[in-house]
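Single-structure report; data block below.
Read-outs: derived from the displayed coordinates by stated rules, not from any lab. Source: prediction; values computed, not measured. We place every Cβ from the backbone using ideal geometry, glycine too, and count neighbours over all the protein chains shown.
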Amino acid sequence: MSQAVYYKVSFVVEGGKFPGGIINCDQEPLVGDEVTLDGHVFIITEVMELMPPSGDFGFLHATCRYVREAA
Amino acid sequence: MDHKSLASVPLFAGLTAGSLTQLAAICQEQTAAPHKQIITQNTTGEEVFIIFNGSVEVFIEGLEQERVLVVLGKGQVFGEMALIDQGYRSASVRAGKQGCALYLIHSQAFNALCQSNSHIGYIVMRNLARDLAFKLRHQNLAQM
């Protein structure tokens, strides 16, 4: 996945309280990273490839857990 | 807007700088205040939207309650089914908590561009299929 320039990432939140999201990231998301979706901060607990990369784009899926509201 | 801002949009992956410039020429910029509704379910629409800042919530309006399906952020596309089936909007969309900034493309302008340059049409339609596959895979995982 290191050849990708952009990462399109599917985020699903544990517990089902939050709907999850799809966003582009400039860097590959890693387990332990924090991500903000619409004002909510989540920590990534798992990352996997969702679809094979194409051109400059990698297509990933990340599972995450709610941490706090964004400042 | 220049073509560089479109290069990071997966829908336009694989297009040359010249093709991106042609696309940029038919894009209009639009901003939406926090929580402003952008698309209403079961209405007609001929625009495709690309998020270049902020986020939106995609939600289904039921008889008594609504359900948020997904939050879409930077680089994502919505309203794209208008390019494919010209049908009613399948869900409603509103700006997220911070509002959003969008590029808007009218389907007529897009179709005219594709008819004049079928290579652009092929690339974008291929990417559109990939985007729909991605959203389907996301939805499958979100429902587990």
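Some points to look at:
- Here B:50, B:38, B:26, B:84 are screened, and the one residue that is in contact with a Cys (Cβ under 9 Å, 6 or more places away or on another chain) and closer than 26 Å to residue B:115 by Cα is B:50.
- The listed residues are A:29, A:52, and the only one of them that is farther than 24 Å from residue B:96 by Cβ and more than 8 Å from chain B (Cβ to nearest Cβ) turns out to be A:52.
- Those residues of region A:1-31 which are among the β-branched types (Val, Ile, Thr), part of a strand (DSSP E or B) and out of contact with any Lys or Arg (no Cβ under 8 Å at 6 or more places or on another chain), in sequence order: A:9, A:12
- In region B:11-45, the residues that are outside any helix (DSSP H, G or I), closer than 26 Å to residue A:7 by Cβ and within 14 Å of chain A (Cβ to nearest Cβ): B:13, B:14, B:15, B:16, B:32
- The set of residues in region A:32-49 that are at the interface with chain B (Cβ under 10 Å from one of its Cβ atoms) and touching a strand residue (DSSP E or B) at 6+ places or on another chain (Cβ under 6 Å) comprises A:35, A:37, A:38, A:39, A:48.
- Total residues in region B:104-138, condition more than 14 Å from chain A (Cβ to nearest Cβ) and not in a loop (DSSP other than H, G, I, E, B): 19
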